[in-house]
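Colleague: Here's a structure for you.
The values are calculated or read from the model by the stated rules, or taken from the named source; none is laboratory data. Here the structure is a predicted model, which means the values were calculated and not measured. Glycine gets a Cβ as well: all are built from the backbone with ideal geometry, and neighbour counts include every protein chain shown.
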């Protein structure tokens with residue numbers, strides 16, 4: 001009797017649930033589905049493997065979307081997503097669907113409401129403060145930090161010369177972490193000298209835990225996650241990171257107070273302090289309104305967001321560029337010749353005036369970001385029905401998977417050689433996209449990444465410094481299509497940790 005009653009309740013609930021969502025089902029039925037869907041669970045089984053398997057599934061969905069006029073639907077249990085690669089459709093999505101998908105709640109448990117992942121109501125206010133902090137005049141002041149840390153990176157790599165393949169990841173990730181901590185907080189944590197630093201260890205591990213939770217449905221409910229051993233590890237890493245940032249903020253507030261109290265009237269009138277290099281933390285305190293601005297928790301959220309995003313994005317980008325140069329030595333030689341033209345026989349550190357001269361290196365970086373975008377997918381909520389330029393309608397209550405990986409490789413917009421590694425496609429006379437959203441390694445629309453110039457400067461500085469001293473060696477590609485195994489770990493990373501070898505070119509920089 002009880003079982004019969006439960007069954008009746010479930011049937012009634014299911015009918016009511018489906019009736020409430022009838023418009024969603026009707027609109028979704030007009031859009032092609034991804035292959036291999038199963039009853040009830042949809043394509044959840046395709047995302048249950050390891051991070052390399054999951055990335056392979058996401059790539060497959062992107063190719064299917066390319067073959068279906070840029071759009072397919074994907075059911076994950078009862079949740080409906082659309083994978084989109086059509087740049088015209090993506091332009092509308094990224095301008096109108098500003099709310100991040102609920103899956104971002106797992107990364108918010110780490111960084112809170114930092115501007116990148118914050119709900120729209122919080123993001124709008126935070127963005128107004130963040131954008132001025134990333135103005136070109138401010139960011140170019142950080143080149144000296146990038147240059148100093150790049151020299152340290154080059155010195156560390158000396159131990160790997162002529163010793164065969166090794167993983168670049170510990171080297172590039174500590175370089176970017178040192179650079180970010182110095183520019184964001186004014187703190188030298190010396191991760192390059194101490195690659196086992198607790199902060200970096202916790203950062204890498206907690207991102208892995210978040211990725212695992214996003215793609216494994218049984219880890220998503222909070223009450224259930226607490227029963228798994230990963231929860232304890234997650235909380236320990238979180239405490240380590242939060243305690244570190246909180247201490248930095250406390251010290252910075254005290255420093256700003258002492259500096260303001262000691263200012264002369266001339267300083268106060270003309271704000272002579274603006275001519276000194278200020279960290280992002282300094283700027284966030286000032287631009288948000290000083291003592292009446294961001295709280296310590298809000299500052300922690302923004303600084304931690306900058307640290308997480310800045311460290312991994314630049315490190316991933318660096319790793320791919322160096323691996324591609326190892327695979328294509330002719331391209332690497334052109335980069336080296338350009339460096340010789342700019343620096344001559346000098347072993348001087350790079351200065352900001354050098355960066356605009358490194359035009360071929362910039363094309364290499366841009367082409368690497370096209371094929372191996374650090375953030376290959378963005379997920380947004382559809383709060384209201386959206387009519388796309390292609391004529392299809394995305395129903396309210398669904399989610400959109402913006403496949404940057406897919407749109408960057410779609411032959412409809414990049415030609416039949418879309419999969420080829422060809423830096424010269426970014427020559428001014430060749431780079432003529434039909435739509436801006438065909439190339440968006442740092443997203444597009446109102447919620448694009450404000451730190452893209454920071455990332456490019458950091459990458460170009462490190463690459464120019466390393467490549468003046470070393471030739472990067474690896475397995476040569478026999479075709480123009482690079483074969484690199486990738487995995488999804490919040491960002492898209494090389495599955496083997498960016499394995500390369502080094503040969504010496506010039507005498508090592510002297511500190």
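Colleague: Limited to the range 472-511, what total is found for residues that are under 12 Å from residue 161 (Cβ atoms), modelled with pLDDT of 95 or more and touching a helix residue (DSSP H, G or I) at 6+ places or on another chain (Cβ under 7 Å)?
Modeller: Adding up the residues that qualify gives 4.
Colleague: Look through 350, 318, 325 and report the one residue that is farther than 16 Å from residue 456 by Cα, crowded, with 22+ Cβ neighbours inside 10 Å and touching a helix residue (DSSP H, G or I) at 6+ places or on another chain (Cβ under 9 Å).
Modeller: On inspection, the qualifying residue turns out to be 325.
Colleague: In addition: Being at pLDDT below 90, under 24 Å from the mean Cα position of the chain (by Cα) and either surrounded by 13 or more Cβ atoms within 10 Å (Cβ to Cβ) or not in a helix (DSSP H, G or I) (or both) is the requirement here; does residue 309 meet it?
Modeller: yes
Colleague: What is the number of the single condition among (1) within 30 Å of residue 106 (Cα to Cα); (2) part of a helix (DSSP H, G or I) that residue 468 does not meet?
Modeller: So the condition that residue 468 fails would be (1).
Colleague: Residue check: is residue 431 closer than 22 Å to residue 87 by Cβ and over 21 Å from the mean Cα position of the chain (by Cα)?
Modeller: So residue 431 fits the description; yes.
Colleague: What are the pairs, 6+ residues apart or on separate chains, where a residue within the range 104-123 that is at positive phi has its Cβ under 9 Å from a residue that is modelled with pLDDT under 90 and part of a loop (DSSP other than H, G, I, E, B)?
Modeller: 112/118
Colleague: Further question on the same structure: If you check residue 76 against the conditions, is it more than 20 Å from the chain's Cα centre (by Cα), more than 26 Å from residue 456 (Cα to Cα) and at pLDDT 90 or above?
Modeller: no
Colleague: Among the candidates 28, 56, 118, which residue alone is closer than 21 Å to residue 392 by Cα and surrounded by 13 or more Cβ atoms within 10 Å (Cβ to Cβ)?
Modeller: Matching residue, one of 28, 56, 118: 28.
Colleague: Given the range 159-267, what helices (runs of 4 or more DSSP H) lie entirely inside it while holding 3 or more residues that are surrounded by fewer than 20 Cβ atoms within 10 Å (Cβ to Cβ) and either modelled with pLDDT under 90 or in contact with a helix residue (DSSP H, G or I) (Cβ under 6 Å, 6 or more places away or on another chain) (or both)?
Modeller: Helices (runs of 4 or more DSSP H) meeting the threshold: 198-215, 229-261.
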